[in-house]
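Before any comments, here is the structure.
The values are calculated or read from the model by the stated rules, or taken from the named source; none is laboratory data. What you see is a predicted model; the values in this text were computed from it and never measured. No Cβ is skipped: glycine too gets one built from the backbone with ideal geometry, and neighbour counts run over all protein chains shown.
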């Protein structure tokens, strides 16, 4: 009975979403306050209904209710409780229900905290958000119903994909969805502004916190996915340029561009059309990612479904929302004329260049991701676009972005002198070149990647620190520093975190040491100055798996460093193996050990990696996310904060002419 109530709640939520779409939009068009007022309670009710439905599905997983098809296919009685809960979104149907839950959450949040937004704009935002809910609730009810019953329930389930039975993957999808779906709010604000025919500084301030929140959640989600790939898959890498990995990177890049573009709208009331277009594209690429994951057009360990019917439905959603928004943009872009003008050398121009680099880099990733599909569809040729293409095509844009960020941050608005501004960053520039020279002189492998990557990272971090110091005046003033807006400190952390991540990626890519060999139990071997001994290999029973676990000791200069336990697990129900690397994490390097299969001579295949600066990648990611969260606490960017600038009385001359 509870399952049927969960299903009925979804049907009722679909009806409420229809009301949330039609009535507020109609009311905004006719200036009818009663109809506009329907949107807020409808958004709340939709959220409550979807939350109840999601709670019912979670209860079914926790109690192992195998009468539900989705529970039978993705759970098992022996599965640990954490993975019973994460199994709710570890499948196509449940993950789509989580998607809709987050969509309803954002709509309810806009209704609850949007009191300072003009009534017609608020009604349109909530109505457009409701229309997205209608589309995805219809998708769930007609193609992906999580409450389908089995006529004869089995005694046990088929278990969750073993690769998903990991803490990193338990939390990775919710954060990604908070980012993906959070961009729906920027889309709703953009389309609402097009319907209103007005974009001003207040609109820029309203849209920024939603964009920032989505960007932060995407940052955390991408970081968790990268960390999981590093320690779980046993290949020693952190990014494979997998199509589904790319699907999360593309909206992240567009969201970063939108964040910077909205600053120009807020501060200078220019770049309005461009900012609206970025808001549409950011959510559009979230929908493209959904299509790639769930259509079956690509094969990936991350893919949820391979049903062409579902793919066609999502493609239809993409066409309706993106096509409709872009058509409306074409019709109404002319009314969004910019008020501010700026010189070629100015902060506005730097932000424009920032936007171009981010948008083009996202499009490069998009082309590389879909090109194999295009080639197969048009010319029946099977192509593979891998890391070499992405590294060569994507890296130059991010190098240019890293060079530009510290300069753009200190340029004045409207017009600036490039030489004078760059001169202020001379200490950061000298430090960056000093790091480049130092790393080049001490490295054993004469490669430019490591030194240049660390120099760029130093330039970003030092430039961000110097930017914050320059805001206190000619001399460092601790009192002024403490009074700086939190958004300024957030920018320092975000830009600095990006520099740390870039340095980590460069160091790991340039200086990784790899060793593969067969080792007998009791034997030791040397890799990059470390001595590693294979002490034992034992078979053990886990909660729902059997593991082959090695015990390996690590020494350096006869000093014991760590005891590591790499594993090779086998899941009998799912009949799948997984690899659990043994990792000794360090500030400057990771020691990464993987145990393979037993060989004919009785030895074991062992892979050893020495990974320099590996943890800088995720440390920088955490710092970027913290910077975003800190900026969100700035009172100027909270959703409920006063969005309209107070109108101060202008002085009037004796002749009645406003004074400048």
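One table, with the values for the structure above:
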quantity	calculated
Candidate set: the range 296-322, residues that are crowded, with 21+ Cβ neighbours inside 10 Å and under 17 Å from residue 138 (Cβ atoms); chosen: the one modelled with the highest pLDDT	321
Residue that is modelled with the lowest pLDDT, among those in the range 57-77 that are part of a helix (DSSP H, G or I) and surrounded by fewer than 23 Cβ atoms within 10 Å (Cβ to Cβ)	73
One residue from 230, 180 being under 10 Å from the mean Cα position of the chain (by Cα) and either crowded, with 23+ Cβ neighbours inside 10 Å or assigned by TED's automatic domain parsing to the domain that holds residue 80 (or both)	180
Meets criteria (within 21 Å of residue 292 (Cα to Cα) and at pLDDT 90 or above) for residue 359	yes
Any chance residue 147 is outside any helix (DSSP H, G or I), surrounded by 23 or more Cβ atoms within 10 Å (Cβ to Cβ), in contact (Cβ under 8 Å) with a residue 12 or more places away in the chain and in the same structural domain as residue 52 (by TED's automatic domain parsing)	yes
Verdict on residue 80 being more than 23 Å from residue 143 (Cβ to Cβ), touching a residue at least 60 places away in the same chain (Cβ under 8 Å) and surrounded by fewer than 23 Cβ atoms within 10 Å (Cβ to Cβ)	yes
Candidate set from the range 7-56 (those that are assigned to a loop (DSSP other than H, G, I, E, B) and either under 30 Å from the mean Cα position of the chain (by Cα) or without any contact (Cβ under 8 Å) to a residue 40 or more places away in the chain (or both)); member that is farthest from residue 87 (Cα to Cα)	32
Filter result for residue 107 (under 24 Å from the mean Cα position of the chain (by Cα), outside the structural domain of residue 183 (by TED's automatic domain parsing), assigned to a helix (DSSP H, G or I) and touching a residue at least 24 places away in the same chain (Cβ under 8 Å))	yes
Extreme residue, nearest to the chain's Cα centre (by Cα), among residues of the range 110-120 that are surrounded by 21 or more Cβ atoms within 10 Å (Cβ to Cβ) and assigned to a helix (DSSP H, G or I)	110
Meets criteria (at pLDDT below 95 and in contact with a strand residue (DSSP E or B) (Cβ under 7 Å, 6 or more places away or on another chain)) for residue 159	yes
